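What follows is a single structure, written as structure tokens, with notes after it.
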Amino acid sequence: MLLWPPAISAHAHKVDLLIGSFGAMAWLLTLPVFVLMTWFTIRYRRSNQVNRQHAPTHNLWVEIGWSAIPFVLALFFYVWATALFLDLYRPPANALEMHVVAKQWMWKFQHPDGAREINSLHVPAGTPVKLIMTSEDVIHSLYVPALRIKQDLVPGRYTSLWFDAEKEGRYPLRCAEFCGADHSVMDGALIVMRPDAYAEWLAANRDGGTDATLAQQGQTLFRDLGCSGCHGAASSVKAPPLEGIYGRPVGLSDGTTIIADEQYLHDSILLPNKQVAGGYRPIMPTYGNVLDAGQVDALVAYLKSTRAAEDSK
Ligand code: HEC
Ligand SMILES: [Cu+2]
């Protein structure tokens, strides 16, 4: 339907219920006003002979009622909507991680095992998918009406969302932030497939072996860009070892401690002087003008993958 797109996830149904109930509340609060208004204009029109003496000037209980009831209702919706909203930012641990880079005017999607695609995103049905998103240039916004999700993609920052699409099919995916001349054509498709069909699709789109996984691309970059020259075990430069750093606490030179999440790794590469690791000199060069968002994603994915390798030792 044009005005009410299909809802293809549990979250989408919950959003519909919220919007529907909110709409019902708006009717509930507005309707009596207009019904009474109409009734009064007819009943008390000038030509009508009715008793106009001793009109009530106030009624305490009515006044308390029309303040307290909407207040409680609004609070109720606040709590309900906040719970739904927070859900979006707590992906299940086993979610499939897709990297998304937006740029004027296209979407780049990178699957965990290496397949890449432009303007379309294939996902398996019934599987939680986490999107790790950033922008190459200006602010974009990823909007999938059928999932009832929308999130900005901001240059220099990671934002994320997750969803679990249950119904197979092809659904519109759009940019919802005015991002320049061709904003209106920055659209794409979310293609939800049966898991076995998705596995087949992945195998067919792995580009005959040249397409390494994101982490493998990152490993190559890590060597080619000279990161390993400083961070490698054999290095003569004093630089922190990076194996397994993801998710661990890092002491900074200003005495604070920070968990090395994706944003921290990202910033350490692009703006190394923003947060300097404690006990080290700030000699790491800035890669801000050298790397595009996709390459930074790859490096971050590589650093993350070394955590899994460390944990299994
Ligand atoms: C010239 C040597 C040098 C090179 C080249 C270098 N780094 Fe660093 N790096 C350092 C030093 C020294 C630090 C610690 C001081 C700081 O945080 O700036 C560091 C810190 C980091 C941190 C934060 C580590 C922590 O424990 O908090 C990350 C992540 C990182 N580098 C990644 C990279 C990546 C990725 C590359 C390649 C694109 C790279 N580095 C290239 C010297 C280097
Ligand atoms: Cu856009």
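Within the stretch 126-146, the set of residues being open to solvent by 20 Å² or more (accessible area, probe 1.4 Å), within 16 Å of ligand 2 (Cβ to nearest atom) and closer than 12 Å to Val100 by Cα comprises Glu136 only. Just one of the listed residues (Glu200, Glu243) is open to solvent by 70 Å² or more (accessible area, probe 1.4 Å), in contact with a Ser or Thr (Cβ under 8 Å, 6 or more places away or on another chain) and either more than 16 Å from ligand 2 (Cβ to nearest atom) or more than 25 Å from His99 (Cα to Cα) (or both), namely Glu243. Among residues that are in contact (Cβ under 8 Å) with a residue 12 or more places away in the chain and open to solvent by 60 Å² or more (accessible area, probe 1.4 Å), Tyr89 is included.
Looking at the stretch 152-254, the strands (runs of 3 or more DSSP E) lying wholly inside it that each contain 1 or more residues that are touching a strand residue (DSSP E or B) at 6+ places or on another chain (Cβ under 8 Å) and under 25 Å from Gln104 (Cα atoms) sit at 159-163, 169-175, 187-193. Residues of the stretch 39-61 that are aliphatic (A, V, I, L, M) and modelled with pLDDT under 90: Val50, Ala55. Of all the listed residues (Ala239, Ala204, Ala215), the sole one being small (Gly, Ala, Ser) and in contact with a His (Cβ under 9 Å, 6 or more places away or on another chain) is Ala239.
The values are calculated or read from the model by the stated rules, or taken from the named source; none is laboratory data. Source: prediction; values computed, not measured. Every residue, glycine as well, gets a Cβ built from its backbone with ideal geometry; the counts of neighbours run over all protein chains shown. For accessibility, only protein heavy atoms count, side chains too; no ligands or nucleic acids. Shrake-Rupley method; radii C 1.70, N 1.55, O 1.52, S 1.80 Å.
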